[in-house]
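What follows is one structure encoded as structure tokens, with my remarks underneath.
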Amino acid sequence: MNYWLMKSEPEVYSISDLEKQTETIWDGVRNYQARNFLRQMKIGDLAFFYHSNSNPPGIFGLMRISKTDIADPTQFEPTSKYYDSKSTPESPRWQTVNVEFVESFIQPISLAILKEKFTPEELLLVRNGNRLSVMPVPEEVAQKILAIKYPTSA
């Protein structure tokens with residue numbers, strides 16, 4: 001199993017929205033590197049749901065990849081801000097995944113905490129200038145994030 005971090009602005013789509021729907025398509029990604037990460041995802045992988053442009057920004061929950069290799073339908077919709085005139089159903093440029101709700105964190109893990117616990121080499125999210133909306137999270141880092149969420153008593 002691989003781990004990922006996927007960002008969304010809570011006023012656009014939040015962990016609460018996913019909890020209500022239980023599953024959704026993760027559409028609208030228009031960065032080639034982020035798209036390539038989406039292409040690498042496997043069913044059953046886990047992804048941290050990160051709220052950007054929130055106060056505070058941070059990881060608010062966990063979701064599971066439930067379907068892969070989906071042509072992002074917004075690339076074909078002329079009225080969508082994600083429309084891509086160079087993309088066709090026969091040769092789509094943008095792929096995505098479906099995600100399903102796993103859990104909301106009672107206490108979000110803020111960006112400040114993530115910056116305190118991880119170096120830019122460990123977690124892409126804390127690297128200066130990184131604006132990717134989808135990124136891998138190494139397993140050892142994912143386990144440390146989960147340990148922050150599920151602290152053990154000493």
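No lab work stands behind these numbers, since they all come straight from the coordinates. A quick note: this is a predicted structure, and the numbers were derived from the prediction, not measured. Note: ideal-geometry Cβ built from the backbone for every residue, glycine included; neighbour counts use all protein chains shown.
Quick notes on this one:
- At most 10 other Cβ within 10 Å, DSSP loop - GluC sites (Glu not before Pro), the range 1-106: Glu11, Glu90
- Helix 139-149 axis, angle to the chain major axis (alpha carbon atoms, nearest 10°): 60
- log₁₀ of I(q)/I(0) at q = 0.15, 0.21 Å⁻¹ - the range 104-154, Debye sum with one point per alpha carbon: -0.43, -0.81
- Solvent-free Debye scattering, log10 I(q)/I(0), computed from the Cα coordinates of the range 52-124 at q = 0.18 Å⁻¹: -0.90
- The trypsin sites (Lys or Arg not before Pro) found in the range 1-55 that occupy coil by DSSP, while having at most 11 further C-beta atoms within 10 Å, are Lys42.
- Set of aspartates and glutamates near Lys42 by C-alpha distance (under 12 Å), chain-local residues within fewer than 8 positions excluded: Asp69
- For the range 3-148, the calculated P(r), taken from all Cα-Cα distances in 5 Å bins from zero up to the bin holding the longest distance, is 2, 10, 19, 23, 20, 15, 7, 3, 1, 0 percent.
- 19 Å Cα-Cα reach of Lys20 towards aspartates and glutamates, excluding residues that sit fewer than 8 places from it in its own chain: Glu9, Glu11, Glu100, Glu103
- Annotation for Glu19 and Arg131: the two label points, set 7 Å from Cα along the Cα-Cβ direction, are 3.1 nm apart.
- Applying the criteria of a DSSP loop state and at most 10 other Cβ atoms within 10 Å to the trypsin sites (Lys or Arg not before Pro) of the range 80-129 yields Lys81, Lys86.
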